[in-house]
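Scroll down for the structure; my scribbles are underneath it.
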Amino acid sequence: GAVVSQHPSWVICKSGTSVKIECRSLDFQATTMFWYRQFPKQSLMLMATSNEGSKATYEQGVEKDKFLINHASLTLSTLTVTSAHPEDSSFYICSARERGIRDEQFFGPGTRLTVL
Amino acid sequence: GNSVTQMEGPVTLSEEAFLTINCTYTATGYPSLFWYVQYPGEGLQLLLKATKADDKGSNKGFEATYRKETTSFHLEKGSVQVSDSAVYFCALSDRGGGYNKLIFGAGTRLAVHP
């Protein structure tokens, strides 16, 4: 149980285009989802926290107009990278926390974004 | 603020060697502590966790004990295998703001050779 999927697993796009990444909890209800960014050989940096039905809370330094997060249901959150540029190329990982379980997060497999 | 410090890698071991990856933390209150493992090209998998002082988390031969007096949560395994080669992240749950965020250490890369 507690499986989180991400789609797509990798994407290549041209500079200036927008890319949407989906994060789904497959067998549980996720009241909170988190989006992380990971640069090569580095740790995960939390970008934002989203609660179902409310606006996402962004970490300091993360542009909310560039990284749009929508958490429309208890099983789906999306991250849209708008007007992507090469510096946005990274590994994006989502995680989900199950309703009623405070501490544990379940991670998706990640999405590798390459912006040409 | 809360933070996690891990020993720098890479750690290179021969198969069946003993493994220790050090992790210390700074936190207010009583956070839960976690070890996650990341295999190449994949997301993170929870390896083990401990929710209070003196708790020992264990899984797949790995162990870590929550030591409040030394603010540590060192990861150990008695005999590593090649398949244990991965990056290991220590993390704590930050309950500030009610969101229970995870704060990660920098990660320690482990390479096990036959």
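The values are calculated or read from the model by the stated rules, or taken from the named source; none is laboratory data. None of these values were measured; they are calculated from a predicted model. Cβ atoms come from the backbone with ideal geometry, glycine included; neighbour counts cover every protein chain shown.
Values computed for the structure shown
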read-out	value
Where B:Ala106 falls short, out of the listed (1) over 20 Å from A:Lys41 (Cα atoms); (2) touching a Ser or Thr at 6+ places or on another chain (Cβ under 8 Å)	(1)
Filter result (part of a helix (DSSP H, G or I) and in contact (Cβ under 8 Å) with a residue 60 or more places away in the chain) within the range B:59-114	B:Val82, B:Asp84, B:Gly96
Qualifying residues in the range B:28-57 (those that are among the small types (Gly, Ala, Ser) and under 19 Å from A:Ala2 (Cβ atoms)) - the one farthest from the chain's Cα centre (by Cα)	B:Gly43
Selection status of B:Ala111, modelled with pLDDT of 95 or more, in contact with a Ser or Thr (Cβ under 7 Å, 6 or more places away or on another chain) and away from chain A (no Cβ under 11 Å)	yes
Filtered residue count, the range A:49-104, keeping only those that are of a type outside the set (S, T, N, Q), free of Cβ contacts under 8 Å to residues at least 24 places away in the same chain and part of a strand (DSSP E or B)	3
Residues located in the range A:1-34, provided they are under 24 Å from A:Thr82 (Cβ atoms), within 13 Å of chain B (Cβ to nearest Cβ) and not in a strand (DSSP E or B)	A:Ser9
Sole residue being at positive phi and more than 15 Å from the chain's Cα centre (by Cα), chosen from A:Ser43, A:Ser83	A:Ser83
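Listed here are the residues, each with its yes/no results for (1) among the hydroxyl-bearing types (Ser, Thr, Tyr); (2) under 30 Å from B:Arg109 (Cα atoms).
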| position | (1), (2) |
| --- | --- |
| A:Thr17 | yes, no |
| A:Leu44 | no, yes |
| A:Thr49 | yes, yes |
| A:Glu59 | no, yes |
| A:Lys66 | no, no |
| A:Leu76 | no, no |
| A:Gly100 | no, no |
